[in-house]
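Written below as structure tokens is the structure these notes are about.
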Amino acid sequence: MDLIRALLIQGLQMAVVLLLAPLLTGFVRKIKARLTRRQGASVIQPYRDLIRLLRKEAVLADNASWLFRVVPYLVFASTWVAAALVPTFGGGLLFSWTADLIAIIALLGFGRFFLALAGMDIGTSFGGIGSSREMMIASLAEPAMLLTVFSLALVAGSTQLSTVAALMSSPEVGLRVSLGMALVALIMVAIAENARIPVDNPATHLELTMVHEAMVLEYSGRHLAMIEFASSLKLVLYLSLIGCIFIPWGIAAPGAGLVDYLIGAVAYVAKIAVGAVLLAVFETSIAKMRVFRVPDFLGAALMLGLLGTLLLFVSRSL
Amino acid sequence: MATIDVSFFLWGVAGLLIVAVAAVALGRSAAASNLVYTATFVLSAAMLVMLGLHLISAPGTVLKTTLPIGLPWIGASFKLDSLSALFLGVVNFGGAMASLYGLGYGRHEEAPHRVLPFFAAFLACMNLVVLADDAFAFLLSWEFMSLASWALVVSHHRSQASLRAGFIYLVMASFGTLSLLLAFGLLAGPAGGYGFDTIRDMPHGPMVVAIVFVLMLLGAGSKAGLVPLHVWLPLAHPAAPSHVSALMSGVMTKVAIYGFIRVVFDLLGEPAWWSSAVLIMLGGITAALGILYALMETDLKRLLACSTIENIGVIFVSLGLALAFRSGGMGLAAALAFTAALFHILNHSVFKSLLFFGAGAVINATGERDMEKLGGLIHRMPYTSFAFLIGCVAISALPPLNGFVSEWLTFQAILQSPELPQWGLKIIVPAVGGLLALSAALAAACFVRAFGITFLGRARSDVAAKAGEVDRFSLLAMFVLAALCLAAGILPGFVIDGLAPVTHAFVGGSLPSQAHLPWLTIAPIAETRSSYNGLLVFLFIAIAGWGAAFAVHNFASRRVRRSAAWDCGFPDPRPQTQYSASSFAQPVRRVFGSLVFRARETVDMPPPGDLRAARLTIEVRDLAWDWIYTPISVGIAFAAVRLNRLQFLTIRQYLSLVFLALVTLLLVLALWT
């Protein structure tokens, strides 16, 4: 019985992140449009886009290899698996021990690795520029993220996300300098990883500084749909991650009743919505950076992560 | 059951040496290549099988034997304990795979008589190094290993680059052996006990321990490629034929690490805490610099050689952590770090061999090592490219393959280190953790570049456009290695359990047994602390990806139309318009280059009206050359010119010089005592 329930919750979680992801993207777009005094498309527009793309035929370049056709599904699968392991409305997921935080980051790295390869498959200059810059950004964002994880792991004594989240909601953690640094670093990494302004612009297609969109330029139809879906999932993942670590209130404990799970679900939606609004406000209030300013931005995140970890190494109470 | 003893492996080594002599006799004959590689394959595989039988039938037993050769009255002693067994496995597995690959690849060798004898001898010497149980046997086989590999490096002796690589390698190898010689001299002490058992039982003063540690770092570190002793490695490893490069990068560097572990963890007693700090720091710097060097290379084999430097750095960080934990009395953490090091040693020997084999296949098919002239090979060489891709994912430390597991174990070991008592380590370890994370991310960039430029895109030269798939032996060797990458990645628990006897014997602790955990999860310390399940990650990705593809193809659309590339509406058919290896590395060069390489870009733009082509020149310098090796070589040249005068003295002057030297030496001796 317990197993069935745990399976049910895990399955529900996988479905929730999948169904919520396009809505979140649409919501952020809507808020951004309203902030710039535009009407904006409906919040469910991303669903319509996905369905339309899925129904269209896929146009492949003449020299596209098998890798080009496999990558969208690999990227989608790895991102979905990673997103399904981050607690959203309830803790104690059935498969949470499959991959800890380090492995979740590496799963995202797996998706990025293949997406960058796909960008180079056709042999166009746009694909190459996107892949090359994406890997440059990742080479700084990933260590910053890992150092943040180190900070969290040192506070919680574990890299298991469920354990970290459970500990963070207990009163014994309190306010800590290193956690503050980790939060700031994590937000900076999340902005870079999700290709948001000021690092990258998810709305442009033809600009020299673009990164992510240049990499997927040759994709169309169902392949593009999978990649767009994966990007939305990644945004959900990062918002859930920040939510479950730094604002863990409301997450239902394992074995809780139905009411707790409902509260957890409401709290989760509220957290994600607040995160989306903050993201939209941040994005509209800041200008896009030149691409070679990005290393400075991420270098700051790296240093914050390192400082937080260092503080925890020398003193367990900071 | 028949007992297996060391003499069996020594017979195997003798067999390899006989093959080497026979190869000389066979010379250039057509059958030589097939015969020699078959023989080395059979011998290596037989030793591997016997090793497996030994480990199954009598686990934990230590085998010893002494041969009446070598120094008079002492002989040469050999021993097989858990550490030797592990490295014997690495050597012979690498040897068997290289021989299998050589069966196909070796046919294209234009001078087989320069490769075959040394190949067999090289394998034999590496086997002897890991079996040796006294300083004399160890040093002798170490030196022969260096010489055999040197001969292989210069086997293409008409190329100036090979000769230069060979010269630098020879100098560095002699320097390394000299350091080892001095280290063992100090360890043996004035009594001159050269047996490892005698050295182990003898107490060593702190000064001796410190000096031996530094000498081992120089001796084994120069062979393994520790920065700043790495300069020979990217020159020498690629100069040899590809299967030998695989052996040098994948196996010989591991033999060097074996020597380091044997002396520092086993014979030396307890080094001071700063030695672990030195190891951790050097390892971190080596990892980050190695992968940055690799990102700057456009030669596929040199890129792989540079990435070896990175992996050696990762291994040394784990070894340093193991040393620190051991002296801090933290048995479990020490076992974790040591397991991470050994796991990475196994992993690297597998995927680096695989990648070098892939590079060799590319060279066979195109005759080209320069990535700027390759491209589009995924269409022409589908199997090679698939195996190479597996190797790239594995070396980039991505789940669910094996590279990630050892990287993950290393990070878990780093997270144990706030408990260490020394303040110096508390500050160094998190910084090195950041460096390791950086090098892992850069490794992913490096191998996206290596695979993307070589195998994807459009062919950048005619040879690349006309390449064909390689022979079946080469493919078989590559696919066996690729399968191992996957197997060790999804079933890491068995590997960790297999390493437990070694960690128990050398750091005094072992991880809890992993293979019985539900779902084959690994949880090195405790499940609430950290756990990873490669099998489930693999299955989840496979099911989610396949399910998504199935659903999309059946319920949405499965139509495909081929057309010209879109490229924002302006596709240019010339392959030169693609991103090249140098342009891919440009952002990284710009971020790290000015600091690490003094990279400079000069643009020579002709004035309007001038029809000359514009040129972009990139200058990347290796600071180790500029700061260390160039001053040394200038100093040696200067001294040589000065001493040259001594060549033209009269006989009387020579006699008086000899007399003076004698008097000085006697005076020193008199004052010393």
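A Cβ-based charge dipole, computed about the Cα centre of the protein assembly as shown with Lys and Arg at +1 and Asp and Glu at -1, lands at about 2020 debye.
Distance distribution P(r), segment B:628-672, all Cα-Cα pairs, bin width 10 angstrom from 0: 24, 28, 31, 18 percent.
Model label points for A:Leu175 and B:Trp73, set 7 angstrom from Cα along the Cα-to-Cβ axis, are 7.8 nm apart. Put simply, chains A and B cover up around 7100 Å² of each other's accessible surface, both sides summed, when a 1.4 Å probe is used.
Note on chain A: along the principal axes its Cα atoms extend 58, 46, 43 Å, ordered by decreasing extent.
Which FRET efficiency value, to the nearest 0.05, is calculated for A:Val266 and A:Arg37 with the Förster distance at 35 angstrom and r the Cβ-Cβ distance?
Values: r = 31 Å, r/R0 = 0.88.
Once rounded, the FRET efficiency stands at 0.70.
Please work out the C-alpha center-to-center distance from segment B:578-626 to segment A:223-245 and express it in whole Å. Centre-to-centre distance over Cα atoms comes out at 37 Å.
The lysines whose alpha-carbon is closer than 30 Å to the alpha-carbon of A:Lys30, local same-chain residues fewer than 8 away aside, are A:Lys56, A:Lys234, A:Lys271, A:Lys288.
Over 52 Å apart: what share of the alpha carbon pairs of the protein assembly as shown falls there, rounded to a whole percent?
Working: 97583 of 490545 pairs.
Summing the P(r) of the protein assembly as shown above 52 Å gives 20 percent of all pairs.
Kindly report the accessible area of segment B:612-673 per residue (heavy atoms of protein chains, probe 1.4 Å, no ligands, DNA or RNA), in Å².
Values: 5580 Å² over 62 residues.
That works out to 90 Å² for each residue.
Here B:Lys466 is the anchor, and the lysines within straight C-alpha reach of less than 27 Å, apart from those fewer than 8 places off in the same chain, are B:Lys301, B:Lys352, B:Lys373. Building the convex hull from the alpha-carbon atoms of chain B and averaging its projection over directions returns 38.9 nm².
Enumerate by residue number the chymotrypsin sites (Phe, Trp or Tyr not before Pro) in segment B:1-107 meeting two conditions: DSSP loop (anything except H, G, I, E, B), and at most 10 other Cβ atoms within 10 Å of the site's Cβ.
Numbers: sites: B:Phe8, B:Phe9, B:Trp11, B:Tyr37, B:Phe41, B:Trp73, B:Phe78, B:Phe87, B:Phe93, B:Tyr101, B:Tyr105; in loops: B:Trp73.
Hits after loop and neighbour filter: B:Trp73.
For segment B:448-480, which residues drop by 30 square angstrom or more in accessible area between the chain on its own and all protein chains together (1.4 Å probe)? Listed in order, they are B:Val448, B:Leu456, B:Gly457, B:Arg458. Taking the accessible area of segment B:480-534, probe 1.4 Å, and keeping the other protein chains in place, the carbon and sulfur fraction comes to 72%. A 1.4 Å probe run over segment B:272-543, with the rest of the protein chains in place, finds 25 Å² accessible per residue.
Using C-alpha pairs below 8 Å separated by at least 6 residues, the relative contact order for chain A is 30 percent. Summary value for chain B: 11 percent relative contact order, contacts being C-alpha pairs under 8 angstrom separated by 6+ residues. Computed about the Cα centre, the dipole magnitude for chain B is approximately 1400 debye when only Lys and Arg (+1) and Asp and Glu (-1) carry charge, each at its Cβ.
Ordered from largest to smallest accessible area (heavy atoms of protein chains, 1.4 Å probe), the residues B:Arg561, A:Arg133, B:Arg200 come out as B:Arg561, B:Arg200, A:Arg133.
When the accessible area of chain A is computed with all protein chains present and a 1.4 Å probe, what percentage of it is carbon and sulfur?
Details: 7980 of 11380 Å².
On chain A, the fraction of accessible area on carbon and sulfur atoms equals 70 percent.
Between segment B:252-319 and segment B:645-666, how many Å separate their Cα centres? Between the Cα centres of segment B:252-319 and segment B:645-666 lies a distance of 45 Å.
Expressed to the nearest 5 percent, the antiparallel share of DSSP beta bridges inside the protein assembly as shown is 75 percent.
Backbone geometry of segment B:385-398 corresponds, through the Karplus equation with coefficients 6.51, -1.76 and 1.60 at θ = phi - 60°, to 3J(HN,Hα) couplings of 5, 5, 4, 5, 4, 4, x, 5, 5, 5, 6, 7, 6, 10 Hz, x marking Gly and Pro. Positive end of the dipole of segment A:1-121 (Cβ unit charges, origin at the Cα centre): among A:Ala41, A:Ile9, A:Ala116, the Cα lying farthest that way belongs to A:Ala41.
Carbon-plus-sulfur accessible fraction, segment B:207-299 (probe radius 1.4 Å, protein heavy atoms only): 79%.
With the convex hull of the Cα atoms taken as the outline of segment B:79-140, the averaged projected area works out to 4.5 nm². Kirkwood Rh over alpha-carbon pairs of segment B:565-617, then Stokes-Einstein at 20 °C and 1.002 mPa s: what D in µm² s⁻¹, rounded to an integer? Rounded, D is 154 µm²/s. For segment A:217-231, backbone phi angles converted through the Karplus equation (6.51, -1.76, 1.60; θ = phi - 60°) give residue-by-residue couplings of 4, 7, 7, 8, x, 5, 5, 5, 4, 5, 6, 4, 4, 4, 5 Hz, Gly and Pro being listed as x.
Only alpha carbons enter this Debye calculation for segment A:49-120, each as an equal point scatterer, and the log10 of I(q)/I(0) it gives at q = 0.25, 0.28 Å⁻¹ is -1.10, -1.21. Each of A:Leu233, A:Leu183 has its accessible area taken with a 1.4 Å probe; listed largest first, they run A:Leu183, A:Leu233. In this structure the amide hydrogen of A:Gly90, modeled in the peptide plane, comes within under 5 Å of the amide hydrogens of A:Ala252, none closer than 5 places in sequence on its chain.
Between B:Ala210 and B:Arg561, the contour length at 0.36 nm per residue exceeds the alpha carbon distance by 119.5 nm. Directionally averaged projected area (segment B:117-227, Cα convex hull): 7.4 nm².
With unit charges on the beta carbon (Lys/Arg positive, Asp/Glu negative), name the residue among B:Gly269, A:Ala64, B:Leu88 whose Cα is farthest towards the positive pole of the charge dipole of the protein assembly as shown. Toward the positive end, the furthest listed residue is A:Ala64. Comparing each chain alone with all protein chains together (probe 1.4 Å, DNA, RNA and ligands left out), the residues of segment B:516-542 losing at least 40 Å² of accessible area are B:Thr528, B:Arg529, B:Ser531, B:Val537, B:Phe540, B:Ile541.
In the protein assembly as shown, taking the dipole from charged Cβ atoms about the Cα centre, the farthest positive-side position among B:Thr253, A:Ala253, B:Gly52 is held by A:Ala253. Based on protein heavy atoms only, segment B:74-208 ends up with 35 Å² per residue of surface accessible to a 1.4 Å probe.
Note on segment B:425-541: Kirkwood hydrodynamic radius from all Cα pairs is 18.4 Å, rounded to one decimal. Each principal axis of the Cα cloud of segment A:1-115 was taken in turn, and the coordinate range along them, longest first, works out to 46, 43, 26 Å.
What is the mean number of Cβ atoms from other protein chains located within 10 Å of the Cβ atom of each residue in peptide B:590-602, rounded to a whole number?
Values: counts 4, 10, 4, 0, 0, 0, 0, 0, 0, 0, 0, 0, 0.
Average neighbour count from other chains, rounded to a whole number: 1.
Work out, in µm²/s and without decimals, the Stokes-Einstein translational diffusion coefficient of segment B:201-305 at 20 °C, 1.002 mPa s, Rh from Kirkwood over C-alpha pairs.
On the way: Rh = 14.8 Å.
Stokes-Einstein gives a translational diffusion coefficient of 144 µm²/s.
Charge dipole of segment B:272-543 (Cα centre as origin; +1 on each Lys and Arg Cβ, -1 on each Asp and Glu Cβ, all else neutral): 240 debye, rounded to the nearest 20. Taking the chain by itself as reference, segment A:113-128 contains these residues with an accessible-area loss of 20 Å² or more in the full protein complex (1.4 Å probe, heavy atoms): A:Phe113, A:Phe114, A:Leu117, A:Met120, A:Asp121, A:Gly123, A:Thr124, A:Ser125, A:Phe126, A:Gly128. Amide H contacts of B:Asp134: B:Ser77, B:Phe196, each under 5 Å away and 5 or more positions distant or on a separate chain (H built 1.01 Å from N in the peptide plane; Pro and chain starts excluded). 3J(HN,Hα) along segment B:411-418, derived from phi through the Karplus expression 6.51 cos²θ - 1.76 cosθ + 1.60 where θ = phi - 60°, amounts to 5, 5, 5, 4, 5, 7, 7, x Hz, with x in place of Gly and Pro. Distances between placed amide hydrogens fall under 5 Å for B:Ala565 paired with A:Asp62, all partners being 5 or more residues away or on another chain. Per residue, the convex hull spanned by the Cα atoms of segment B:506-589 measures out at 277 cubic angstrom.
The values are calculated or read from the model by the stated rules, or taken from the named source; none is laboratory data. Here the structure is a predicted model, which means the values were calculated and not measured. For neighbour counting, all protein chains shown are included, and Cβ atoms are generated from backbone atoms with ideal geometry for every residue, glycine included. Protein only, heavy atoms only, side chains kept; ligands, DNA and RNA dropped before computing areas. Shrake-Rupley method; radii C 1.70, N 1.55, O 1.52, S 1.80 Å.
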